[in-house]
């Protein structure tokens with residue numbers, strides 16, 4: 001009975017998140033929303049509502065409890081290890097033309113939306129604030145490593161590294177973290193109406209972003225998925241979460257810190273991977289298939305993973 005209760009509690013955390021994804025899929029199929037809506041809404045989330053959510057969650061956080069440099073460092077090292085492991089596998093098993101897209105698709109998770117939504121659902125304000133700080137590491141490492149992989153297997157002109165660095169520095173999510181830290185440390189008095197307005201605006205983030213993810217799923221694209229896409233998806237949703245979370249546990253993490261890291265490691269492939277693959281001459285079709293497969297798999301793999309960790313008393 002205890003296992004059943006834990007499983008039901010896990011479903012209470014994960015199902016609302018993935019229900020919003022499938023609602024987005026249903027709205028798109030019913031033609032209540034279209035590609036133009038998804039494009040506009042995604043830009044609104046990325047440039048405005050998600051940075052607002054991250055900013056508010058950090059300024060309200062207890063930084064003494066949330067800001068853990070060791071956690072950020074271990075997460076970065078685990079991400080680097082995952083990246084190198086995927087690269088080694090791809091070098092042995094994947095055709096050269098597909099390697100860059102395979103590597104990116106197999107390690108780059110959608111932490112900014114799915115990971116953060118699940119962390120908030122499981123751990124409330126702590127999940128939002130710790131996840132917001134982790135996003136700074138995520139954005140830097142994921143973008144840098146993705147560029148390295150795609151550029152290595154790109155046959156066209158060399159990559160403009162300064163332009164890529166400028167895009168990373170101007171990333172709204174990084175700017176939100178940078179802006180929030182001094183406010184959180186100095187704790188200046190902010191007008192109540194301003195905070196309330198910010199809450200209203202930030203509350204749009206997770207449902208709107210999850211609906212957009214669902215609306216971009218394409219079963220037609222899945223029909224073109226082959227063994228390469230399936231291999232990358234299993235790597236992203238099964239192998240990496242197990243290895244990276246295990247490494248974090250061996251490093252001494254448990255409880256909510258380990259839980260947040262697991263949810264980030266276990267997030268499906270980020271939609272931004274498709275944009276970068278297409279811009280840098282990678283296999284965009286393969287990337288789209290990986291995104292679709294991992295998003296569909298996530299509702300099962302994340303639920304089972306969180307259930308297993310809770311049964312083991314680790315989170």
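Would the range 171-315 count as rounded, prolate or oblate if I go by the C-alpha gyration tensor, calling it rounded below 1.5 in a/c and otherwise prolate when a/b exceeds b/c, oblate otherwise? Since a/c reaches 1.5 but b/c is at least a/b, the shape of the range 171-315 is classed as oblate.
Just grab the label-to-label distance for residue 80 and residue 279, each label 7 Å out from Cα along the Cβ direction, in nm (one decimal). So the label points at residue 80 and residue 279 sit 2.5 nm apart. For the range 2-311, the relative contact order is 35 percent, taking Cα pairs closer than 8 Å that sit 6 or more residues apart in sequence and dividing their mean separation by the residue count. Per residue, the chain reaches -25000 deg cm²/dmol at 222 nm when only DSSP H runs of four or more residues are counted, each adding -39500 (n - 2.57).
Taking label positions 7 Å along the Cα-Cβ direction at both residue 197 and residue 95, the computed distance is 5.5 nm, reported to one decimal.
Taking springs between alpha-carbon atoms closer than 10 angstrom, which of 244, 298, 187 fluctuates most in the Gaussian network model of the chain? Answer for the Gaussian network model of the chain: 187. Given the options 201, 22, 46, state which has the largest fluctuation in a GNM of the chain using a 10 Å cut-off (strictly under) for Cα springs. Largest GNM mean-square fluctuation: 201. Fewest-first ordering of 45, 21 by other beta carbons within 10 Å of each residue's beta carbon gives 45, 21. Each of 267, 231 was scored by other Cβ atoms within 10 Å of its Cβ. Arranged with the fewest first, they read 231, 267. Here each label is just a point 7 Å from Cα along the line to Cβ, and for residue 140 and residue 186 those points are 2.2 nm apart. Across the range 1-158, the mean sequence separation of Cα contacts (distance under 8 Å, 6 or more residues apart), normalised by length, yields a relative contact order of 30 percent.
Each value in this text was obtained by applying a stated rule to the coordinates, not by laboratory testing. Only a predicted model underlies this, so the values are computations on that prediction, with no experimental measurement involved. Positions of Cβ are backbone-derived with ideal geometry, glycine not excepted, and every protein chain shown enters the neighbour counts.
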